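Data block below; observations after.
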Amino acid sequence: MDVIVDTRTGRLRGDAREGVTRFLGIPYAAPFDGAGWFLPAEPPAPWSGVRDALVLGPTVPKPGYQGPVAEILTAEPDFPGPECLNLNVWTPDVAGSAPVFVWIHGGAFRNGSGRSPYYDGAAFARDGVVCVTLNYRLGALGFLDTGDEHTNLGLRDQLAALRWVQDNIAAFGGDPARVTVAGESAGGMSVGSLLGSPHAEGLFGQAVLQSGAGHHALTRETAQTVTRALAAKLGIEPTREAFAGVPDNELISASTALDAEIQANPDPAVWGELTTNVMIFEPVIDGDVVPRLPIESIRAGAGSGVRVLVGANADEALFFLVPGGLIDYLPEQALEPTAAKYGLPDPAGAVAAYRAVEPDAAPGTIFARIMADWFFGIPAVRIAEARTGGADTFVYRFDEPSTALGGRLGACHAVELAFVFDNLAAEGVTNLTGPAPSQEVADETHAAWVRFTRGDDPGWAPYGAERTVRVFGGPHDGVVTDPGAGIRALWDGVR
């Protein structure tokens, strides 16, 4: 059944089925053209008549996943087009006033889109929440720093989408005073950046950070080093105007080649924090959208009035190490240098502590534990520790293991997504979860996110002196106190 709503730029036609109304491919910014790809987005032009919002819109330019991971993330859509800054809305009732869940996808700031089947928002709408998913510019288009004021275009896109929500979501049955912004991986890091940004004040009252927090951002010096290196590879000047003249496919190809070169020779004297952050495009500490490293802003009180749900998965790094078999080739002698690289003050003692928890683990498994804690686990804890005296912070850990690849992925990076969205039957999901993922765990996880989005207690106590954590799935399912306390303590004073 057709449903028509009035937005500030014109009327939209959606489709109501099985108690959920969908409005897809809605532009929140004007189409891109030429130099506009490297400038802040402009608002969309109003239209006359009724515009169909019945099919998912174009995606932003991106390379697609490469290597063994691409065999797992097979449902990554690629539909390029100039009107790629679009969003999708699933609503239970256009005449209602429901809480709103705005989703920012992950993908290392280079991949992903709001139209992935993982992020179909029907289950949220079924449960009384308006769900919004969005695209934002990625890679060089979103995070190149040419030294001028036009920084962090990808984050500025996210801010523009959140302003669109404030201006228009009431027409879709959403309450603009009850907005939760959420994201995973690069999306979670984006949410951390927004929490610390003065530009985001008043745009949301709650935040969910999944496997990404407030530690991943580049200084302008490092970001501009990347810009110069990319320009040299393309044979152009490192200016916004010169980059605007490069075709998308050439820009993406050169970026991919540069990334490979940096990973092959990660010299911190040249690449600074990029050698540990490992993503060549990230939010940039520009003194404007990102005033300082987000965790530092949060420690100073930014976002203190925003309720937060934050956490990570038990086996994050296995996603990166298992599919190509690298985990089987990491030697024991790599462990102490890795611990030192990540800032652990006593690398030998730290490796021994990790080994004591898993005495029979292969070196690759210990490597994965250290890597995952630095990237994901400890940053989540640091968000919770930083937020004292303000709105509540709830911490989770997702432990339900994948059965894909012989069960070797464990509760790896991104495996929780289909459970959060209650989309276990979506296209491509079982490539990551394995066959027959637990609907019971999906019911519990999704319900907790819904309760949080509604502004309710998600089902466990806020994080405080007792370090209360809700574990989803696996053998420790339930509420636990300070899980992995000994390993956590190793990181005291680090990050």
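If R0 is taken as 35 Å, the Cβ-Cβ distance between Asp443 and Asp167 corresponds to a FRET efficiency of 0.55.
Across all C-alpha atoms in region 452-495, the radius of gyration and Dmax reach 12.7, 36 Å.
Ignoring any ligand, DNA or RNA, what whole percent of the accessible area of region 375-453 comes from carbon and sulfur when the probe is 1.4 angstrom? Here it works out to 51 percent. Taken over the alpha carbons of region 146-292 as equal point scatterers, the Debye sum produces base-10 log I(q)/I(0) values at 0.10, 0.12, 0.21 Å⁻¹ of -0.41, -0.57, -1.30. The stretch between Ala340 and Ala300 holds 11.6 nm of extra length on full extension. This uses 0.36 nm per residue minus the Cα-Cα distance.
A P(r) calculated from all alpha carbon pairs of region 45-142, with 5 Å bins opening at zero, reads 2, 13, 20, 21, 18, 14, 8, 3, 1, 0 percent.
Once the 1.4 Å probe is applied to the protein heavy atoms, region 50-191 comes out at 26 Å² accessible per residue. Computed over region 303-426, the Cα gyration tensor eigenvalues convert (square root of 5λ each) into semi-axes of 27, 22, 10 Å, ordered from largest to smallest.
If you look at the Cα atoms of region 88-161, you get an Rg and a Dmax of 14.7, 46 Å. The modelled label-to-label distance for the pair Val270/Ala353, using points 7 Å beyond Cα in the direction of Cβ, is 3.4 nm. With the alpha-carbon atoms of region 226-334 aligned to their principal axes, the span from lowest to highest coordinate is 45, 43, 28 Å, starting with the largest. Converting phi to 3J(HN,Hα) with the Karplus coefficients 6.51, -1.76 and 1.60 and the offset θ = phi - 60°, region 22-30 yields 10, 10, 10, x, 7, x, 9, 8, 6 Hz in sequence order, with x at every glycine or proline.
When both bridge partners sit in the chain, DSSP labels roughly 40% of those beta bridges antiparallel. Please list log₁₀ I(q)/I(0) at q = 0.10, 0.17 Å⁻¹ for region 68-214, using the Debye equation with identical point scatterers on the alpha-carbon positions. Once normalised to I(0) and log-transformed, intensities are -0.33, -0.95.
Once you treat every alpha carbon in region 132-214 as an equal point and sum by Debye, what is log10 I(q)/I(0) at q = 0.11, 0.25 Å⁻¹? Reported log10 I(q)/I(0), two decimals: -0.29, -1.30. Across region 16-58, counting alpha-carbon atoms alone, Rg and Dmax equal 13.6, 43 Å. Amide H to amide H, with H built 1.01 Å from N, Ala98 comes under 5 Å of Gly174, Asp175, counting only residues 5 or more places away or on other chains. Close amide H pairs (under 5 Å, H built 1.01 Å from N) link Gly57 with Gly25, residues at least 5 positions away or on another chain. Note on region 341-404: percent of Cα-Cα distances in each 5 Å bin, starting at 0 and stopping at the bin with the largest distance, equals 4, 13, 19, 22, 17, 13, 8, 4, 1. Residues in region 312-439 average 37 Å² of solvent-accessible surface per residue, probe 1.4 Å, ligands and nucleic acids excluded. Using the Karplus relation 6.51 cos²θ - 1.76 cosθ + 1.60 with θ = phi - 60°, the per-residue 3J(HN,Hα) values for region 87-102 come to 9, 10, 10, 10, 9, x, 6, 5, 9, x, 8, 8, x, 10, 10, 9 Hz, with x marking Gly and Pro. Counting only protein heavy atoms and a 1.4 Å probe, region 235-288 has 46 square angstrom of accessible area per residue.
For region 1-80, the fraction of C-alpha pairs more than 17 angstrom apart is 61%. 3J(HN,Hα) couplings calculated from phi for region 371-384 with the Karplus curve 6.51 cos²θ - 1.76 cosθ + 1.60 (θ = phi - 60°) are, in sequence order, 4, 5, 5, 5, 6, 10, x, 5, x, 5, 4, 5, 4, 5 Hz; Gly and Pro show x. Taking only the Cα atoms of region 340-495, the ratio Rg/Rh comes out at 0.98, with Rh defined as the Kirkwood radius.
Between Ala177 and Asp457, the modelled label-to-label distance comes to 2.4 nm, taking each label 7 Å out from Cα in the direction of the beta carbon. Report P(r) for the chain: all Cα-Cα distances, bin width 20 Å, range 0 to the bin holding the largest distance, values in whole percent. Taking all Cα pairs of the chain, the binned fractions are 24, 60, 16, 0 percent. Its Kirkwood hydrodynamic radius, worked out from the mean inverse distance over all distinct Cα pairs, puts region 384-429 at 12.9 Å.
The values are calculated or read from the model by the stated rules, or taken from the named source; none is laboratory data. For clarity, every value in this text was computed on a predicted model and none was experimentally measured. Quick reminder, even Gly has a Cβ in these numbers, built from the backbone with ideal geometry, and neighbours come from all protein chains shown. Side chains included, ligands, DNA and RNA excluded: accessible areas come from the protein's heavy atoms. Shrake-Rupley method; radii C 1.70, N 1.55, O 1.52, S 1.80 Å.
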